[in-house]
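Structure first, commentary second.
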Amino acid sequence: MSRTSNRADGDIVRDFLAVADLLEEPQLAQLYAYLAQEGEATVQDVMDDLELAQGTAYSYVNRLVDAGAVDVTDDGQPRRYAAREIDLTVTAAAGDREYTITPALIDAVGRRETNADIDTYIDRHGVAGLATALTYAVARERGEVTHRLMAEDLEISPLAAEMILQALRLVVHEHYDIEEGGASLDEVNVGDGDTVDDA
Amino acid sequence: MSRLHIADTGLFVAMGQPSNSCYQAVRRFARRNDIAFVLPERVYEELTVDDPDVEWPPIDAAIDEGWATVAAPLEFSEPVVSRVMDGIQRYIANADDRPADEVERADAALAALAALAAQHLSAGTATEVYISTTDIAAGEGAETVLGSEGYGDSVTFVNGFRFIEDLVAGDS
């Protein structure tokens, strides 16, 4: 094996450890998702947009740089930072299952800070459970599954399934290109006529 | 022309609590147009489940305020009711690639939504039906199955999220 490929192996492990940090700490995940969305930002941007104190913002940014999840793109003053693309596929030993850790999952974990439903769900089911829920959320937006089937599969109440699916919906539409099905207000006819109340 | 507005669980979850601008926007829409959203009993049960992890959506508030109501039990003696229930379960089973009997067990509430629409269209008590849901598969399935019963022009799947977003945008 060449030295170059040994080094590439190291890169994968570095990515893996960086991802583990992000999934472990919602604040870091939130910052990573912010940088991934913005393209490039300064610490001042981070402070303004995520409402972080200066010390906290520097500390988080430096941790992400050390972990290899974020690069310094411009060493001038002020420094500019950008998220490194993360797309890490984990394969189970038997080789029959694999999961790709995507920016969408990191974004979802990062929203724990601001979304009570995601926070509750991680409390009950862990980040691993959230990853499963995100898979269902993508499938539901694509019209492949309903909240009740998810509830049946995961043995949770349909209401709990609906709540986490709704909390994850914006993440899904931010990261996946899925056209939204169905009609909206402009197709609901409310002109003359009676309504039925089924009483 | 009589219209029936059927609502699924997701619509009420998406509204949030009565203090939420989404809830208020939907209530204003219903009152202004003299609409009461009709929920199959199974949907009502789903919204009021005993689950300590979730806060109840405000369905009882909407019922008290008169713009939501729980449907009378389905008339299973009507052939169209059971046909539509079977049809939508097959549709979902196909979309999700799982056995129809599993869908029947897990998603009886969806079958009830579509069957309620079929019952009213077939009896002539409604000429237009709107089904508001946040499950894309449910909405598209209901449109497809009711379409195959000849009600294609009378049924509209309303995407609950887009509906609420448009209402809120129109209010601001």
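Shape class for segment A:60-119, computed from the alpha carbon gyration tensor (a ≥ b ≥ c): oblate, with a/c not under 1.5 and a/b at or below b/c. Once the Cα atoms are used to define both axes, helix B:136-146 deviates from the longest principal axis of chain B by about 50 degrees. Against chain B, whose longest principal axis comes from its Cα atoms, helix B:21-32 is set at around 70 degrees. Summing Cβ point charges (Lys, Arg +1; Asp, Glu -1) relative to the Cα centre of chain B gives a dipole of roughly 620 debye.
Mean residue ellipticity, 222 nm, helices only, the protein assembly as shown: the sum of -39500 (n - 2.57) across DSSP H runs of n ≥ 4, divided by residue count and rounded to 500, is -18000 deg cm²/dmol.
Among residues other than B:Phe29 whose Cβ falls under 15 Å from its Cβ, what is the net charge (Lys/Arg +1, Asp/Glu -1)? Please report the intermediate quantities before stating the final value.
Details: positive: B:Arg3, B:Arg27, B:Arg28, B:Arg31, B:Arg32, B:Arg162; negative: A:Asp186, A:Glu187, B:Asp34, B:Glu65, B:Glu165, B:Asp166, B:Asp171.
The answer is -1.
One decimal place: the segment B:Thr125-B:Arg105 gains 4.3 nm when fully extended, by the rule 0.36 nm per residue minus the C-alpha distance. Pair-distance distribution P(r) for segment A:1-122, from all Cα-Cα distances in 10 Å bins starting at 0: 13, 40, 32, 12, 3 percent.
Dipole orientation for segment A:1-149: of the candidates A:Leu23, A:Ala104, A:Leu149, A:Leu149 has the Cα lying most toward the positive pole (charges on Cβ; Lys, Arg +1; Asp, Glu -1). Label segment B:1-126 by shape, choosing from rounded, prolate and oblate, from the square roots a ≥ b ≥ c of the eigenvalues of the Cα gyration tensor; if a/c is under 1.5 it is rounded, and otherwise prolate applies when a/b is larger than b/c, oblate when it is not. Cα axes put segment B:1-126 in the oblate bin. Footprinting exposure proxy ranking of B:Thr9, B:Thr156, fewest other C-beta atoms within 10 angstrom first, gives B:Thr156, B:Thr9.
Can you pull the mean other chain C-beta count within 10 Å for peptide B:154-161?
Working: counts 0, 0, 5, 4, 6, 7, 3, 8.
Other-chain Cβ atoms within 10 Å of each residue's Cβ, averaged: 4.
Is the shape of the protein assembly as shown rounded, prolate or oblate, going by the alpha carbon gyration tensor and its root eigenvalues a ≥ b ≥ c, with a/c under 1.5 for rounded and a/b larger than b/c for prolate? Spell out each step's value before the answer.
On the way: a/c = 2.65, a/b = 1.86, b/c = 1.42.
Prolate, since a/c reaches 1.5 and a/b exceeds b/c.
Values in this text are rule-based calculations from the coordinates and carry no lab data. These numbers were taken from a predicted model, which means no experiment stands behind them. All Cβ positions, glycine included, derive from the backbone under ideal geometry; neighbour counts span all protein chains shown.
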